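The values are calculated or read from the model by the stated rules, or taken from the named source; none is laboratory data. Please read these numbers as outputs of a predicted model, since none were measured by experiment. Every residue, glycine as well, gets a Cβ built from its backbone with ideal geometry; the counts of neighbours run over all protein chains shown. Please note that ligands, DNA and RNA were not included when accessible areas were found on the heavy atoms of the full protein model with its side chains. Shrake-Rupley method; radii C 1.70, N 1.55, O 1.52, S 1.80 Å.
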Amino acid sequence: MRFEPARSLSGEVRAPADKSISHRAALLGAMASEPVRIERYLHAADTTSTLQAVQALGALVEVRGDRVVIRGTGLREAREPERAIDVGNAGTLLRLLPGWLAAQEGRSFTLDGDSSIRARPVDRIAAPLREMGAEVQAREGRFPPLQVRGGRLRAIDYELGVASAQVKSCVLLAALAADGATTVTEPARSRDHTERMLLKAGVTIAREGHRLRVLNADELLLDSVSVPGDPSSAAFMVAAGVLVPGSRLLIADVGVNWTRTGFLRIVRRMQGIVLGDLEEETEELVEHEPVSDLDVAHGALEATVVEAPEVPLAIDELPLVALLGCFAEGETVVRGAQELRLKETDRISGVVEGLRALGADIEATADGFAVRGNGGLRGGTIDARGDHRMAMMGAVAGLASSEGVEVLGMDAAAVSYPGFVEDLAGLAS
Ligand code: S3P
């Protein structure tokens, strides 16, 4: 699919529903004892995999447009399915679901997915779940298919080796069925949607610095969840608005939880114009997921440096930081982001090779990249390599380029943002 240089972007767009929160709402809905109503569930490939997975485990799922009602099985009553659970391309489902399955005493489950999922490491969740008392096996000890046999779980004190919200969430879900208080310590703050939703569901959970403490629970009492717009999807529109000359956009209903707005703070530091009421960093855990409209305008950018503590707060948007860096004055550097090599694709080499082919002065480092702004991008062809965020970055690059960009594999966007091309076209007209 070709994306020609845009004259300017204007108008209003509503960000699609949040993928991370939709996954969690479906999983906690399946773990709850009473029906849970989810308003504005994301209907995209990844989150459909989650609905199918919880159905295979015995939950009843009723879809009425954007509203999904889940009648769960309760914390300890997931059914053992006859076949392997297919997680498709969804890394979040692959890492979170085993936390619940680990607590299903005497029942066995297999998780498998597409070829990209088969290259995503699961040893990071296998280690804590084994320590808690589940049996976990993976191909070569590290990759899916993943087998989990539930057990009677012990509470543990777990220190995460990487700041990963997926691993943290997996341990928190298993902790609900453990025999006491579990603590999880992360090296840096990462997205906290699981913690907020557990608090809302009546679980005793608290945070002190980078350490979480969660008590076991008899049941989850969730009632309803309202899913905000996805800041990671909105980020593509923000980048397009900032980069295409003459643009002025309004992006409505974006989730602005502090642990998800690292990219917006980076854009502001680069002197990009993004107005909106972002949540401040809070010491205490809150259950609310705040939303705001974002008002974006084109303007000149300055280079910036992103260091390790900021990485988990902008992890899925770092390809866009590279793209902005191509248009900024000076050298933009991202460090401490080696986790990018373990995403749907190796996003360090994908972004560096992809943008270089479009005219960028960019180089990879072991844990990130450095890009020197050279007045923008010429254009050319970029291969999404089956990665939704690479595909959408290529499209935005095309609108901001001087000669246009052809994206190979644009259909990958359906994983998180099925209406992406239409939304972009609506703003460009
Ligand atoms: C996610 C956490 C992040 C992120 C992924 C979604 C989540 O992964 O990259 O797209 O919903 O918890 P890690 O926790 O592995 O960094």
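Two tests apply to each whole DSSP H helix in the chain, Cα reach of 20 Å or more along its axis and mean Kyte-Doolittle hydropathy of at least 1.6, and none passes both.
Using only Cα positions of the range 1-149, each an equal point scatterer, no hydration layer, compute I(q)/I(0) via Debye at q = 0.10, 0.16, 0.21, 0.22 Å⁻¹ and quote the log10 values to two decimals. One equal scatterer on each Cα of the range 1-149 leads to -0.39, -0.84, -1.29, -1.39.
If packing is taken as the mean number of other Cβ atoms within 10 Å per residue, what is the order of 131-137, 179-185, highest first?
Details: 131-137: 18.9, 179-185: 16.9.
Result, highest mean first: 131-137, 179-185.
Among rounded, prolate and oblate, which fits the range 143-187 when a ≥ b ≥ c are the square roots of the eigenvalues of its C-alpha gyration tensor, a/c under 1.5 means rounded, and a/b larger than b/c means prolate? Verdict is oblate for the range 143-187.
Loop-resident GluC sites (Glu not before Pro) (DSSP state other than H, G, I, E or B) in the range 358-421 with no more than 15 further Cβ atoms inside 10 Å of their Cβ: Glu403. Across the alpha-carbon atoms of the range 245-333, the computed radius of gyration and Dmax are 13.5, 41 angstrom. Counting only protein heavy atoms and a 1.4 Å probe, the range 1-86 has 45 square angstrom of accessible area per residue. For a modelled paramagnetic label at Thr204, 7 Å from Cα along Cα-to-Cβ, the residues of the range 146-190 in reach, with backbone nitrogen under 20 Å, are 153-158, 171-185. Annotation for Thr110 and Gln55: the two label points, set 7 Å from Cα along the Cα-Cβ direction, are 2.1 nm apart. The Cα atoms of the range 189-277 cover 56, 29, 17 Å along the three principal axes, with the biggest extent listed first. What FRET efficiency comes out for the pair Glu77/Leu275, r = Cβ-Cβ distance, R0 = 51 Å, nearest 0.05? After rounding, the FRET efficiency stands at 0.60. Note that the chain, at 4 °C in a medium of 1.567 mPa s, gets a Stokes-Einstein diffusion coefficient of 60 µm²/s from its Kirkwood radius over C-alpha pairs.
Put Lys200, Lys343, Lys19 in order of accessible area, highest first, and with a 1.4 Å probe you get Lys200, Lys343, Lys19.
Summarise the accessible area of the range 1-119 (1.4 Å probe, protein heavy atoms) by the percent that is carbon and sulfur. Could the numbers behind the result be given before it?
On the way: 2030 of 4660 Å².
After summing per-atom areas, the C and S share lands at 43 percent.
If I compute solvent accessible area with a 1.4 Å probe over the protein chains, what percent of it on the range 328-413 is carbon and sulfur? Present the calculation step by step, with values, prior to reporting the outcome.
Numbers: 1290 of 2910 Å².
The C+S portion of the solvent-accessible surface of the range 328-413 is 44 percent.
Annotation: the antiparallel percentage among DSSP beta bridges lying fully within the chain is about 70.
Multiply the residue separation of Glu135 and Gln338 by 0.36 nm, subtract the distance between their alpha-carbon atoms, and state the gained length in nm to one decimal. Kindly include the intermediate steps, with their values, before the conclusion.
On the way: separation 203, 0.36 × 203 = 73.08 nm, distance 2.89 nm.
Separation in residues times 0.36 nm, less the Cα-Cα distance, equals 70.2 nm.
Once the mean 1/r over all distinct Cα pairs of the range 285-344 is inverted, what Kirkwood radius in angstroms do you read off? Intermediate results must be reported in sequence, preceding the final value.
Numbers: mean 1/r = 0.0736 Å⁻¹.
Roughly 13.6 Å, rounded to one decimal.
Legend: translational diffusion of the range 87-216 by Stokes-Einstein, Rh = Kirkwood radius over C-alpha pairs, 25 °C, 0.890 mPa s; D = 170 µm²/s.
Using only Cα atoms, figure out Rg for the range 115-163 and give it as a multiple of 2.2 N^0.38 Å. Can you show the working numbers first?
Numbers: Rg = 11.4 Å, N = 49, 2.2 N^0.38 = 9.7 Å.
Compactness ratio reported: 1.18.
Per residue, how much accessible area does the range 201-281 have with a 1.4 Å probe, in Å²?
37
Taking each residue as 0.36 nm, the span from Ala297 to Thr282 lengthens on full extension beyond its C-alpha to C-alpha distance by 2.6 nm. Atom-type composition of the exposed protein surface of the range 168-292 places 48 percent of the accessible area on carbon and sulfur (1.4 angstrom probe). The accessible area of His210, taken with all protein chains in place and a 1.4 Å probe, comes to roughly 80 Å². Scoring 120-128, 57-65 by mean Cβ neighbours within 10 Å over their residues and listing the highest first yields 120-128, 57-65. In this simple spin-label approximation, Leu215 and Ala357 carry label points 7 Å from Cα along the Cα→Cβ vector, and these lie 5.5 nm apart.
For the chain, averaging the sequence separation of C-alpha pairs within contact (under 8 Å, six or more residues apart) and dividing by the residue count gives a relative contact order of 17 percent. You can think of it this way: the chain between Asp157 and Arg2 has 50.7 nm of extra reach, that is 0.36 nm per residue less the Cα-Cα gap.
Go ahead and run the numbers for FRET between Glu403 and Ala119, Cβ-Cβ distance against an R0 of 30 Å, rounding to 0.05. Intermediate results must be reported in sequence, preceding the final value.
Numbers: r = 33 Å, r/R0 = 1.11.
The calculated FRET efficiency here is 0.35.
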